[in-house]
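See below for the structure under consideration.
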């Protein structure tokens, strides 16, 4: 289990430092970064498939039309998630993005109720109630609705729900390959349009910037593979707890590195969300099982 925990911590640690990576890609715009991330992820995944001899598994999945279409839907959701996350990072909203990933487990529970018609236990209702109060506090006292946080939480929650439909039939590399392959034509058009307008920064902002951008595929795929390795070795309850490492790191980076505003109302809202997560975690362990709806992949 020690190796599994190490893989999980490494995966969430890398995801936690993503804001620094995207900030270093300045002056690139969010559409350019996301488009390159998609295209380069496809390229890196194709290399991985060749090295790991994963082509037979990929071909088997592609022949299943239903599974391929489901993964296409997952690709759309991950496009929304990636786009909003990069936008949040580049516009000084890393703290709100962290709130989104803190909120994600609670959103996952809500989706279980309204989509899968699952029944909630009392502590789960308490957790959702506290979360609703937190959103209200952030919207009223902080002066703006936390739309970035909620879009991130719901897009990733829905992504996990869609991925649940394909279950264990799709491995991490094949899944990411198909999802990004669906998006690659759109991403290519975006890059062509940006270049035609003379706004393409990649290749025009120095060698360090170019090398960073070209590593976007690796930065996307490696944490996912580490996560998959950890998930195979750890109980879901442990995976559920380690997932909070990423938003904790994002919060630290937003407040202490990027110096984003953190007024009392925002601390209060975050505090309520953390209380809700503690309640949800207590319920998870007292129920005697791990979280049934934990997402098996992350953007």
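The values are calculated or read from the model by the stated rules, or taken from the named source; none is laboratory data. In this text, all values refer to a predicted model and were calculated from it rather than measured experimentally. Because the Cβ atoms are built from the backbone with ideal geometry, glycine has one as well, and the counts that use them run over all protein chains shown.
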Counted residues in the range 6-54 being under 19 Å from residue 243 (Cβ atoms) and more than 19 Å from the chain's Cα centre (by Cα) come to 1
The number of residues in the range 225-259 that are under 15 Å from the mean Cα position of the chain (by Cα) and more than 13 Å from residue 18 (Cα to Cα) is 9
Within the range 55-75, is even one residue part of a helix (DSSP H, G or I), surrounded by 24 or more Cβ atoms within 10 Å (Cβ to Cβ) and in contact (Cβ under 8 Å) with a residue 24 or more places away in the chain? yes
Within the range 204-215, restricting to residues that are assigned to a helix (DSSP H, G or I) and touching a helix residue (DSSP H, G or I) at 6+ places or on another chain (Cβ under 9 Å), the one that is surrounded by the most Cβ atoms within 10 Å (Cβ to Cβ) is 213
Reported set for the range 185-203 where residues are loosely packed, with under 13 Cβ neighbours inside 10 Å and either modelled with pLDDT under 95 or not in a helix (DSSP H, G or I) (or both) is 197, 198, 203
Requested in this report: State whether the residues of the range 139-149 include one that is closer than 25 Å to residue 52 by Cα, in a loop (DSSP other than H, G, I, E, B) and under 18 Å from the mean Cα position of the chain (by Cα).
Outcome: no
Reported set for the range 216-260 where residues are in contact (Cβ under 8 Å) with a residue 12 or more places away in the chain and not in a helix (DSSP H, G or I) is 234, 235, 243, 244, 258, 260
